[in-house]
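K.L.:
The structure under discussion is supplied below as structure tokens; questions concerning it will follow.
The values are calculated or read from the model by the stated rules, or taken from the named source; none is laboratory data. Small disclaimer: the values here were computed from a predicted structure and weren't measured. Glycine gets a Cβ as well: all are built from the backbone with ideal geometry, and neighbour counts include every protein chain shown. Accessible surface is based on the protein model in full, side chains and every heavy atom, while ligands, DNA and RNA are left aside. Shrake-Rupley method; radii C 1.70, N 1.55, O 1.52, S 1.80 Å.
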Amino acid sequence: MHPYYLCALLAYRGRLGTLAVENARILIRARPTKANILIADGKIKSVSRRKTGQVDRRIDVKGKFVLPGLVDGHAHLHDPAFTAREDFASGSSAAAAGGVTTVVEMVLSTPVDTPERVRAKIETGERSSLIDFSLHAGMMNLNNLQNIAAITGIGVRSFKTFTCKPYYVDDHGLMSLMRETTMQHSILNVHAENERTANENLEKLSGRKDPMAHADWKPNVAEEGAVRKVVDYAHALGARVHISHMSSAEGVTLVKTAKRARVKVTTETCPHYLTFTRKDMKKQGPYLKMNPSLKGPRDVEALWKGLRDGTVDIVTSEHAPGTREEKEVGWTDIWAAWGGVPAIETMLPVMLSEGVNKNRLSLATVQRVCCENPAKIFGIYPMKGAIARGADADLVVIELKVKRKVRAEELHYKVGWTPYEGWMMKGWPFLTVRGGQVLFEGGQLVGKSGSARFLPMSI
Ligand SMILES: [Zn+2]
């Protein structure tokens, strides 16, 4: 047993009682099935039609759907240099209110690329997070490549690198990283946008500072070129790669072809790439500045289709909020604005409202791309991402037909804004349970931060 599990187990013993979630509808092999879920000591003890016996607490969910707590494979919750944007406590609160019970926290700017830095981040997370977490290490390059082996020893087996600024790694660097992560049984996440295309376009933009200039900077062809390179190298080296936040139809086509050729590639897209296009930047301007930038309606449809047919493996929030001040400056100079949006709390409502209730995705697909697949890709399945005997008792009860307008003041972000302000969403989380503890109930956060665990990956 890994020492982290042992510590967590000892800390939990005796503290947690029993809980029964009754009259639930869960999806077993994509089929709605009635079930009572019995939880003891933070784990699922049984899933059956039988009534549960004596328990400390009983919650009758009256036929509502219950999914495994969402596993967000890419979110920036905590960077010590940017805690005005978010931190583990606030970000994980927003996550819990949005039905997310596990996050694979992604390095933002402060490096997490040595065993010491990884340990420090684990400590911060265990002290202040409300939800369980794994970590991605990064940003990786030729200077810290030699740390990969030691970092995997702590249970972090996912690394992040870039094919463009601000963490540009050249072809030699990219291949060296792939070789090393493969040797260390790890996964290499790549921010895939082509550096040369970006540089050429920057010249053509000749000093433009309007919000659309940012979208014109790295269009579809930038992502296409980089994704092609990454899958080609992965193919040649037998490396396991994960394309971060894919935004284009071309990317979907390339990944589909690569998967057919048995390249070990997986990919993600994010709620914003499924709901906004570059046109929306005309109204929201710098508030929708993000990297990669928003594309067109054809791309949005290709991403939804990619989720349906399994080409796009997962949806991640890519939660990367900036403060209003960091966004407002972009109206006069888009290059000065922060690129990223708050997204973790609205991810499940977007998937239910824009996906399930608009017949783009089945609820079973949402469970696959938001719960099961991310846990599998990042090596924490079936402890996470499953409603099954022995799994962690992480659940989200949802109300598929409930309609509510998104209001930033009702969300839990530090930055106090959301790109979905005023959107009428149909389908919301109703109750969130993590490790047998109720975190969110009746619209209120009731969990305490500092009770979370770091999850080592087994890949
Ligand atoms: Zn990111």
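K.L.:
Between Glu441 and Gln54, what is the label-to-label distance in nm when each label sits 7 Å out along the Cα-to-Cβ direction?
P.N.:
Reported label-point gap for Glu441 and Gln54 is 2.1 nm.
K.L.:
Then there's this: Please list, in chain and number order, the residues 5+ apart from Leu431 or on another chain whose amide H is under 5 Å from its amide H, with Hs placed from the backbone.
P.N.:
Placed amide hydrogens put Val397 under 5 Å from Leu431.
K.L.:
Whose amide H sits under 5 Å from the amide H of Ala452, counting only residues 5 or more places off or on another chain, with H placed in the peptide plane?
P.N.:
Residues meeting the amide H criterion: Ser129.
K.L.:
Per the Kirkwood formula on distinct C-alpha pairs, the Rh of the chain is how many angstrom?
P.N.:
22.0 Å
K.L.:
Then there is this: In whole Hz, with x marking every Gly and Pro, tabulate ³J(HN,Hα) for segment 420-430 from phi via Karplus 6.51 cos²θ - 1.76 cosθ + 1.60, θ = phi - 60°.
P.N.:
Rounded to whole hertz, the list is 9, 3, x, 5, 8, 9, 10, x, 9, x, 10.
K.L.:
By average Cβ neighbour count within 10 Å, what is the ranking of 272-280, 346-354 from highest down?
P.N.:
Highest-to-lowest ranking by the protection proxy: 346-354, 272-280.
K.L.:
Which lysines, on any chain, are close to Lys204 with Cα under 26 Å apart, when same-chain ones fewer than 8 places away are left out?
P.N.:
By straight Cα distance, Lys204 reaches Lys165, Lys218, Lys229, Lys279, Lys282, Lys283, Lys289, Lys295, Lys327.
K.L.:
Follow-up question, since we're still on this one. With angles folded into 0 to 90 degrees, how steeply does helix 195-204 sit against the dominant principal axis of the chain? Use alpha carbons for both and round to 10.
P.N.:
Approximately 60 degrees, to the nearest 10.
K.L.:
Could you rank the peptides 156-168, 314-326, 438-450 by their average count of other C-beta atoms within 10 Å per residue, with the highest value first?
P.N.:
314-326, 156-168, 438-450
K.L.:
For the charge dipole of the chain, defined by +1 on Lys and Arg C-beta atoms and -1 on Asp and Glu C-beta atoms about the Cα centroid, which residue among Ser134, Ser158, Ala97 has the Cα displaced farthest towards the positive pole?
P.N.:
Ala97
K.L.:
Let me ask something else about it. Express as a percent, rounded to the nearest 5, the fraction of DSSP beta bridges in the chain (both residues included) that run antiparallel.
P.N.:
Close to 55 percent.
K.L.:
Given charges of +1 on the Cβ of Lys and Arg and -1 on the Cβ of Asp and Glu, with all other atoms neutral, how large is the dipole of the chain about its Cα centre, in debye to the nearest 20?
P.N.:
1980 debye
K.L.:
Roughly how tilted is helix 220-237, in degrees to the nearest 10 and between 0 and 90, from the longest Cα axis of the chain?
P.N.:
70 degrees
K.L.:
DSSP loop (so not H, G, I, E, B), at most 14 other Cβ within 10 Å: list which trypsin sites (Lys or Arg not before Pro) in segment 329-407 pass both filters.
P.N.:
Answer by residue number: Lys358, Arg389, Arg407.
K.L.:
Could you give the angle, 0 to 90 degrees to the nearest 10, between helix 115-128's Cα long axis and the longest principal axis of the Cα atoms of the chain?
P.N.:
It is inclined by approximately 50 degrees.
K.L.:
Cross-link candidates for Lys34: which aspartates and glutamates have Cα within less than 13 Å, leaving aside residues fewer than 8 places away along the same chain?
P.N.:
Glu22, Asp60
K.L.:
Given H placed on each backbone N at 1.01 Å, which residues far from Ile187 in sequence or on other chains put an amide H within less than 5 Å of it?
P.N.:
Counting only residues 5 or more places away or on other chains, the set is Ser158, Phe159.
K.L.:
Across segment 356-367, in residue order, what do the Karplus-derived ³J(HN,Hα) couplings come to in whole Hz, using 6.51 cos²θ - 1.76 cosθ + 1.60 with θ = phi - 60° and x for Gly and Pro?
P.N.:
So the J values, rounded to whole Hz, are 5, 6, 9, 6, 8, 9, 7, 5, 5, 5, 4, 4.
K.L.:
Through the Karplus equation 6.51 cos²θ - 1.76 cosθ + 1.60, θ set to phi - 60°, convert the phi angles of segment 139-147 into ³J(HN,Hα) values in whole Hz; use x for Gly and Pro.
P.N.:
For segment 139-147, the Karplus-derived couplings read 7, 8, 7, 5, 7, 10, 3, 5, 8 Hz, x marking Gly and Pro.
K.L.:
For segment 274-422, with only Lys/Arg (+1) and Asp/Glu (-1) charged at the beta-carbon, what is the dipole magnitude about the Cα centre, in debye rounded to 20?
P.N.:
Value, rounded to 20: 520 debye.
K.L.:
Sticking with this structure for a sec: Taking the full set of protein chains and a 1.4 angstrom probe, give the accessible area of His185 in square angstrom, rounded to the nearest 10.
P.N.:
Accessible area, nearest 10 Å²: 120 Å².
K.L.:
Further question: Given segment 11-101, what percent of its DSSP beta bridges are antiparallel, to the nearest 5?
P.N.:
Percentage antiparallel, nearest 5: 70.
K.L.:
Then there's this: Rounded if a/c is under 1.5, else prolate if a/b beats b/c, else oblate: with a ≥ b ≥ c from the C-alpha gyration tensor eigenvalues square-rooted, which is segment 329-459?
P.N.:
prolate
K.L.:
Further question on the same structure: Using a 1.4 angstrom probe with every protein chain in place, what is the largest-first accessible-area order of Trp217, Trp304?
P.N.:
Listed by decreasing accessible area, they come as Trp217, Trp304.
K.L.:
Still on this structure, I have one more. On a full-extension model of 0.36 nm per residue, what is the gain between Trp335 and Thr323, subtracting their alpha-carbon distance, rounded to one decimal in nm?
P.N.:
So the extension gain works out to 2.8 nm.
K.L.:
Another question, if that's okay. Could you list the trypsin sites (Lys or Arg not before Pro) in segment 44-150 that lie in coil according to DSSP, counting only those with at most 14 other Cβ atoms within 10 Å of their Cβ?
P.N.:
Of the trypsin sites (Lys or Arg not before Pro), the ones in loops of segment 44-150 whose Cβ has at most 14 other Cβ atoms within 10 Å are Arg49, Arg50, Lys51, Lys62.
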